[in-house]
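Right, one structure below, let's go through it.
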Amino acid sequence: MEDTRKLGFWETVRQNTHLNKFGTSFISIVAQIKGPLTEDLVRKATHLLFNQQPLLRARIEKKLDSYEFKLDRKFSDIPFKIIKKNSPSQYRKIIEQELSIPPETDHYLWRIIFLQGNNTANEHEVLFFFHHSIADGSIIYFIRDLLNYCHQLSDGEKISSTEFPLISYVENRLAKKLLWKDYVKNLNDYHFIPQIEKWHYATNTPLGTRITHGLYHEIAMTQINLLRESCRRENVTLNSAFAAALLLSGYKNNIHKGPLSILTFVNLREYCAPPVPKDYLGCYVSSVLTKHDIKENNLWKIARDYQKQLHDAIPKVLFTPYEFPQAELKKFSIANPLGMLSKSENTKEQETFNVDFCITNLGHVDIPDTYGPFQLNNFYFGTSRQAGDIGIIANIISLHQKMFMCFGYVEPLIDKTFAATLIDTMMEELK
């Protein structure tokens with residue numbers, strides 16, 4: 001098996017952001033598991049996944065004109081921490097702390113924390129943190145496979161896992177490969193509504209001193225089904241309703257005057273030839289930025305506008321180039337693609353968000369909730385937002401009979417009370 005490969009466009013953007021913006025986009029996931037889970041089981045199951053998934057064995061090396069994955073890590077190189085659980089919400093504080101400690105990418109790209117509950121309650125959390133170049137929505141299947149291995153190991157089964165091949169980056173696997181010059185032309189040809197004003201920070205502090213917080217919400221499937229019926233009547237998707245509720249909350253809470261912006265992450269696995277399996281860890285996503293000149297309190301009108309803009313934009317700006325100049329990419333940011341990401345030298349401009357909101361919705365994922373003696377009760381994911389480029393990011397997934405939502409924001413760029421007000425307004429709109 002090959003032990004190196006070049007990073008693609010999207011992976012390189014993630015690495016540049018990680019290095020230059022204090023770990024921005026570093027992924028956190030938490031799986032609450034009920035059952036007789038032990039440190040030994042978690043360690044052995046994760047080791048099996050380490051042997052199966054090539055990018056878990058990677059670090060990133062800087063070359064003269066590119067970055068490369070180097071697959072030479074041993075499992076003992078991956079930080080593995082055990083913490084005794086003392087409260088149901090303890091994982092939230094741990095995530096905040098861990099997202100403020102970006103990994104040194106020339107050593108490792110992920111780490112593990114096992115938050116071990118007592119033997120009476122038998123409720124535990126397993127926390128994973130991934131560099132965004134090696135993970136996307138596939139993280140939920142990573143947890144599924146982890147629990148399958150825990151089940152088999154607890155039953156004393158002999159496990160044989162197939163080692164996945166190291167496959168190329170997403171831009172090299174798209175059915176139609178895009179050149180850099182064509183990508184830049186696509187961006188220049190795609191005109192957004194001008195954004196005269198931007199959302200100003202409440203208080204600015206330097207990179208490394210900011211804290212990424214998560215606001216956690218669950219929605220029962222009964223309520224989701226009611227909302228889904230309303231969406232069918234209005235001819236919009238559930239995702240469009242969520243985006244519209246976020247935008248409407250920004251409008252009602254007057255975050256700024258003028259058009260509101262939202263960034264939407266899109267899964268590119270099915271656009272690849274051949275398609276990338278959903279359980280293969282890697283970064284196979286892209287994003288689309290839309291802007292909305294909201295004039296009235298009308299959720300469905302905003303949802304239809306968002307949905308049309310998104311669908312119109314996908315063939316124009318979703319796909320990224322397989323070749324790219326490193327010097328140009330250093331100026332690129334997903335939150336400001338038209339400007340090649342370079343913020344104005346104006347001090348006031350540096351104290352604003354490039355994008356108001358972001359939504360990354362994994363949709364309904366059909367995986368088991370029970371794995372022998374183990375049950376997956378809750379699952380949340382989020383990312384570090386140190387860069388101060390996006391105001392609030394909604395991370396959404398539906399599992400079993402619940403929808404799990406984690407809204408990420410950075411303090412003190414956004415005041416805690418105001419962030420809670422924004423999300424409460426959004427949730428009220430969905431009701």
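Could you check region 100-149 and list, in sequence order, the residues that are open to solvent by less than 10 Å² (accessible area, probe 1.4 Å), under 16 Å from the mean Cα position of the chain (by Cα) and more than 21 Å from Val365 (Cβ to Cβ)?
Leu109, His131, Ser133 - these are the residues of region 100-149 that are open to solvent by less than 10 Å² (accessible area, probe 1.4 Å), under 16 Å from the mean Cα position of the chain (by Cα) and more than 21 Å from Val365 (Cβ to Cβ).
Of the residues Lys70, Lys63, Lys81, which is over 18 Å from the mean Cα position of the chain (by Cα), open to solvent by less than 60 Å² (accessible area, probe 1.4 Å) and either within 30 Å of Glu163 (Cβ to Cβ) or in contact (Cβ under 8 Å) with a residue 24 or more places away in the chain (or both)?
Criteria check complete, one pass: Lys70.
Just to be sure before I move on: is Leu166 of a type in the set (A, V, I, L, M, F, W, C) and at pLDDT 95 or above in the structure I sent?
Judged against the criteria, Leu166 is a match.
Kindly indicate whether Ser342 is surrounded by fewer than 19 Cβ atoms within 10 Å (Cβ to Cβ), among the hydroxyl-bearing types (Ser, Thr, Tyr) and either modelled with pLDDT of 80 or more or farther than 25 Å from Phe404 by Cα (or both).
yes
Given the conditions (1) of a type in the set (Phe, Trp, Tyr); (2) modelled with pLDDT of 90 or more; (3) open to solvent by 10 Å² or more (accessible area, probe 1.4 Å), and given that Phe192 satisfies all but one, which numbered condition is not satisfied?
Every listed condition holds for Phe192 apart from (2).
How do the pairs read when you match residues in region 288-305 that are closer than 19 Å to Ala335 by Cβ with residues anywhere that are among the aromatic types (Phe, Trp, Tyr), using Cβ under 8 Å and keeping only pairs 6 or more apart or on different chains?
So the pair list comes out as Leu289/Phe192; Thr290/Phe192; Thr290/Tyr306; Lys291/Phe192; His292/Tyr306.
Can you name the strands (runs of 3 or more DSSP E) wholly within region 363-431 that have at least 2 residues being charged (D, E, K, R)?
Passing ranges, in order: 402-411.
So if I check each of Lys6, Lys34, which one is over 21 Å from Ser133 (Cα atoms), modelled with pLDDT of 95 or more and not small (Gly, Ala, Ser)?
Lys34
Condition check ((1) open to solvent by 10 Å² or more (accessible area, probe 1.4 Å); (2) touching a residue at least 12 places away in the same chain (Cβ under 8 Å)) across all residues:
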site	(1), (2)
Asp389	yes, yes
Gln401	yes, yes
Gly408	no, yes
Thr421	yes, yes
Glu428	yes, no
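Name, by its number, the condition in (1) open to solvent by less than 40 Å² (accessible area, probe 1.4 Å); (2) of a type outside the set (Val, Ile, Thr); (3) under 22 Å from Gln386 (Cα atoms); (4) part of a helix (DSSP H, G or I) that does not hold for Arg92.
(1)
May I ask you to list pairs of residues, at least six apart or on different chains, whose Cβ atoms are under 9 Å apart, with the first in region 208-220 being under 15 Å from Tyr409 (Cα atoms) and free of Cβ contacts under 8 Å to residues at least 24 places away in the same chain and the second being assigned to a strand (DSSP E or B) and open to solvent by 40 Å² or more (accessible area, probe 1.4 Å)?
Filtered contacts from region 208-220: no entries.
The values are calculated or read from the model by the stated rules, or taken from the named source; none is laboratory data. Since we're looking at a predicted model, the values are computed, not measured. So basically every Cβ, Gly included, is an ideal-geometry build from the backbone, and we count neighbours across all protein chains shown. To get the accessible areas, we keep the full protein, side chains included, count just its heavy atoms, and leave off ligands, DNA and RNA. Shrake-Rupley method; radii C 1.70, N 1.55, O 1.52, S 1.80 Å.
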